[in-house]
1. Quickly run through the stretch 250-272 and pick out the residues that are polar (S, T, N, Q), under 30 Å from Y296 (Cβ atoms) and touching a residue at least 24 places away in the same chain (Cβ under 8 Å).
2. For L381, only one of the following conditions fails: (1) open to solvent by 30 Å² or more (accessible area, probe 1.4 Å); (2) touching a Phe, Trp or Tyr at 6+ places or on another chain (Cβ under 6 Å); (3) closer than 24 Å to I232 by Cα. What is its number?
3. Does I203 fit the bill of being at pLDDT 95 or above, hydrophobic (A, V, I, L, M, F, W, C) and surrounded by fewer than 21 Cβ atoms within 10 Å (Cβ to Cβ)?
4. Find all pairs meeting these conditions: Cβ atoms under 7 angstrom apart; at least six residues apart or on different chains; first residue within the stretch 339-366 and within 12 Å of R197 (Cα to Cα); second residue part of a helix (DSSP H, G or I) and of a type in the set (D, E, K, R).
5. Tell me whether the stretch 308-323 contains one or more residues that are farther than 20 Å from L375 by Cα and part of a loop (DSSP other than H, G, I, E, B).
6. List pairs: first in the stretch 437-448 and assigned to a strand (DSSP E or B), second of a type in the set (K, R), Cβ under 8 Å, 6+ apart or cross-chain?
7. With the stretch 97-192 as the region, which strands (runs of 3 or more DSSP E) entirely inside it contain at least 2 residues that are out of contact with any Gly (no Cβ under 9 Å at 6 or more places or on another chain)?
Amino acid sequence: MSYTEDITNGASILQQVDVTDIITSLALGIAAAQEKLDDNSIKQLTKLSETEVGDKSLLELGFTPAFYSFDYADVSASISLRMALKKSDEFSLKLSADYKSNADFDKDFFKSLEDKKKKKTRKEFKSVKDISLKAKIESNITLNADSYNMHQEDGTISRVEDFGENVRTNNQEYRVSKEIEEAKEVVNQSSSGVIIRKAGPYITLYIPETPTSSYGLLKLDSVYPTTSASGIDINLNTSKSFKKYGTFNTTFNRAKTENTGTVYGLTEDGFTTDGTTFEKPKIYFGWDKDEFDPTYQEGAVSNATPELSLYLDVLGQVLREDTDSKINIIGYTDGSGDADYNKDLSKRRVDAITRHFFGKISNDPTLKDRIKSALYEGEKLANGATARDENLRYVSIEVISDNDYIFFEGGEINAAQATPNVASTDANKFIVLEDTSAVAPPAIIKFTYGGEEVVIKEAAVDESSKLSSKSLIAGFHHEKVGELSYLLHEESMVNYTVYNSESEELDVTVDGVASAELDKEKTKVFVSETETSKTRLNTSSKEVDGNRTFAVSGSIDFRTSRQFDMSVEGNASLAARMKSVPAPQEFLDYITQVLSNSNSAS
């Protein structure tokens, strides 16, 4: 239903207002005032008749009570009832009441659900459905008779991604997004070197491993001496060295010649293996997907390359060790689908890479402040094309720094002999030097989750072997992605939104029961009503400006007005002129007669 239609319907409700009662009340008020004035006059008369001067009352001496009368009255009244379309309260309150005995879905859940309904990403689809359940709940769902398993995969990412993947594969009309509600604080209490941190809805865990070869990361400032004589000596070991002078390109090639092992360069221009050609490696995504998959490969694009893995490692070390460095993270989609949806999808992809990237760097949450900008470019690269294109679905990370960097792995680099070393105060020095000394397994792997201690390894407890596979550890679903472990608490609420671009029909059953027939007090799966163009309130600011409040006249049928926010604003005015009038002659004659009879009797 369009916004205009809803206003029209609301106005028809309010146009029944009758202000007769208001006018009547004001008129009766004047009559009541006249009655009080008359009563006061009678009291005056009684007082005058009872008060004597000598042997005569004041009334007999000619004093008369004052009588007043309204000879003019103007009554006016106006009332306006202001109506604003409700966006959430009624729906949320109604659902909260329906599920009041269901411990899985509380009022905060429904408030969050209503916030989702306001997103512009939903409005261009013919139908939208929300399905919610906790991470631990397994179920079978049908969408328009197509059957899908939910949460029947082990692991973390696999568990919450499987449903969306199967829906997209089975029917290209569908898109699926997810949001995981998880707000509990995480505090790492593990042995030194273990990195555990909150990463969006997940907890990421990184345990350093023994390097397969020695490596070093060299930082070079932006000043390059012009001659060899004035060049800066860089020593890979006690017998192999090169000079920094000329340009980065020439310096890099000298370093590559001397090391003989793996050498990579990193500047603001990107990553290089020859000092001349620079690239900014891309992290690619499957269609409509928003989780990092290091094994993803489609067509000519692939994340399963040693260059990408090394690039992310080097970039992470630069960010951790060089406090002057920052990064830009930029997300893109192809042109298939709606622009608003694609903008949101590019943001979700940036968020996924951000949490994975920082998961191996440090426990320090302030490192995220080193993101100079996170850009959600959506379908910008598609240039109007609407085809699915794996080449356009990626996130790029680029370093922002005045310094240049050279990474050495294997060959001549010797962590104990390379200079200027990490301890040096020189502007040009190695900021990372590592050898192949064995890294001892951590004695303690634990953290607090919402204040409660979670132990994976400590003294009498050791479940660390489960970190090598998809598993359930201490109430957390676990999966390893690359070198990083992802944990998701089994009580976390996972909210899926299913979008259909072709049909307004989106019927759902849960374990064989139609969603409308679910026992709301016991169900472990929430299914919303289908949102379609017929049920959606179009609140686009292009159609209506301002606060969307309208004044109309009408009486309120509160059975219907629950659809709206109502307020009453009114005013009434009364102008009246009052003048003194003589007492009625008949009344005076009667009083005179009474007094005369009284005197005769005495």
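The values are calculated or read from the model by the stated rules, or taken from the named source; none is laboratory data. Quick caveat, the model's predicted, so the values are computed rather than measured. Here Cβ is always computed from backbone atoms with ideal geometry, including for glycine, and neighbour counts include all displayed protein chains. For accessibility, only protein heavy atoms count, side chains too; no ligands or nucleic acids. Shrake-Rupley method; radii C 1.70, N 1.55, O 1.52, S 1.80 Å.
1. Narrowing the stretch 250-272 to residues polar (S, T, N, Q): 250-251, 253, 257, 259-260, 262, 267, 272.
Among the residues that remain, those that are also under 30 Å from Y296 (Cβ atoms) are: 262, 267, 272.
Within the stretch 250-272, T262, T267 meet the criteria.
2. Of (1) open to solvent by 30 Å² or more (accessible area, probe 1.4 Å); (2) touching a Phe, Trp or Tyr at 6+ places or on another chain (Cβ under 6 Å); (3) closer than 24 Å to I232 by Cα, only one is false for L381: (3).
3. Details: at pLDDT 95 or above: yes; hydrophobic (A, V, I, L, M, F, W, C): yes; surrounded by fewer than 21 Cβ atoms within 10 Å (Cβ to Cβ): no.
When the stated conditions are applied, I203 does not pass them.
4. The qualifying pairs are F358/K368; I361/R320; S362/R320.
5. Yes, because at least one residue in the stretch 308-323 is farther than 20 Å from L375 by Cα and part of a loop (DSSP other than H, G, I, E, B).
6. I445/K457; K446/K457
7. Working: elements: 127-134, 139-143, 146-150, 174-181, 186-188.
Where strands (runs of 3 or more DSSP E) fall fully within the stretch 97-192 and carry at least 2 residues being out of contact with any Gly (no Cβ under 9 Å at 6 or more places or on another chain), they are 127-134, 139-143, 146-150, 174-181.
Condition check ((1) in contact with a Pro (Cβ under 9 Å, 6 or more places away or on another chain); (2) farther than 30 Å from I361 by Cα; (3) open to solvent by less than 60 Å² (accessible area, probe 1.4 Å)) across all residues:
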| position | (1), (2), (3) |
| --- | --- |
| E452 | no, no, no |
| K457 | yes, no, yes |
| E463 | no, no, yes |
| K466 | no, no, no |
| K520 | no, yes, no |
| K524 | no, yes, no |
